[in-house]
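Heads up: the structure comes next, in structure tokens.
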């Protein structure tokens with residue numbers, strides 16, 4: 001039996017978020033709380049929902065990952081998402097549980113990603 005995880009997604013591509021929302025609604029083990037197109041709105045959502053998983057665009061304008069360290073009771077597992085197949089996540093100044101290339105294929109793919117990152121201690 002799968003566990004149940006909450007998540008939010010932040011990406012400046014509204015079409016990607018629309019597709020992500022459709023896929024997430026079909027994923028039995030995930031509850032998508034909200035999607036955001038800006039970092040500023042997303043950080044408010046992080047504070048409000050305290051999700052287990054954050055799906056985050058690699059090249060999000062205004063991204064300030066240091067905001068994750070303020071006013072959050074728990075740190076979400078971060079799944080970086082990008083259309084760029086080769087992105088050097090070592091350049092990032094925060095811990096990434098997983099890097100995923102766009103597109104996310106279907107709800108089983110999304111659930112597998114969630115299960116994998118939540119097993120990481």
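All of the numbers you see were taken from the coordinates with simple rules; none came from a lab. Just so it is clear, the model here is predicted, and its values are computed rather than measured. Neighbour counts run over all protein chains shown; Cβ positions are idealised from the backbone, glycine included.
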Spacing of the two label points (7 Å from each Cα toward its C-beta) at residue 112 and residue 96, in nm:
2.0
Extension gain, residue 64 back to residue 3 (0.36 nm per residue minus Cα-Cα distance, nm):
19.0 nm
